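Below is one structure; the comments refer to it alone.
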Ligand SMILES: *[C@@H]1O[C@H](CO)[C@@H](O)[C@H](O)[C@H]1NC(C)=O
């Protein structure tokens with residue numbers, strides 16, 4: 001009985017930690033198009049937290065489309081990847097700032113797709 005509880009606890013931890021950390025906001029609807037797509041990769045260094053900020057539109061560029069959905073896909077399927085957050089803008093707006101942060105000692109590999117509507 002004890003062992004069974006322990007094993008299910010282990011399974012639970014494994015299921016939670018060994019997953020990619022995708023961030024999906026909104027849902028692309030009919031007529032929405034991909035307005036931005038980028039792959040962001042950073043190597044891991046021991047004891048270091050790596051981070052990146054992705055800005056859409058890129059500095060110096062204009063964007064006329066309203067963002068309908070943001071999909072940040074974590075390409076590290078074993079749970080070692082980083083964590084994405086939206087730090088400004090987002091769905092319903094014409095700009096977005098996405099922060100990517102690795103776990104200490106690890107890198108990350110994200111594919112960011114932004115859908116929008118003109
Ligand atoms: C990041 O992930 C993508 C999708 O799986 C892969 O094609 C690409 O090679 C990866 N980049 C690096 C530098 O590992």
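Determine the shape class of the range 20-64: with a ≥ b ≥ c the square roots of the Cα gyration tensor eigenvalues, call it rounded for a/c under 1.5, and otherwise prolate if a/b is greater than b/c, oblate otherwise. Oblate, because a/c is 1.5 or more while a/b does not exceed b/c. Once the chain from residue 34 to residue 2 is taken as fully extended at 0.36 nm per residue, the excess over their C-alpha distance is 6.4 nm.
With label points built 7 Å along Cα→Cβ from the Cα atoms of residue 101 and residue 51, find their separation and express it in nm. Result for the modelled spin labels: 0.6 nm. Its Cα gyration tensor gives the range 50-118 an equivalent ellipsoid, and the semi-axes of that ellipsoid, as √(5λ) in whole Å with the largest first, are 25, 12, 9. Helical content alone sets the calculated 222 nm signal of the chain at -4500 deg cm²/dmol, taking -39,500 (n - 2.57) per DSSP H segment of four or more residues and averaging over every residue. Comparing 100, 23, 64 in a Gaussian network model of the chain where C-alpha atoms under 10 Å apart are linked, the largest mean-square fluctuation is found at 64. Share of Cα-Cα pairs in the chain beyond 26 Å, in percent? Looking at the chain, the distances longer than 26 Å represent 32 percent of pairs. Neighbour counts of other Cβ atoms within 10 Å put 21, 61 in the fewest-to-most order 61, 21. Axis of helix 2-17 versus longest Cα principal axis of the chain: the two differ by about 20°, to the nearest ten degrees. Between residue 43 and residue 94, the modelled labels are 4.0 nm apart [label points 7 Å from Cα along Cα→Cβ].
Bear in mind these aren't lab numbers, they're just calculated from the coordinates by the rules spelled out. Predicted model, so just to flag it, every value in this text is computed and none were measured. Using ideal geometry, Cβ is built from the backbone for each residue, glycine included, and neighbour counts are taken over all protein chains shown.
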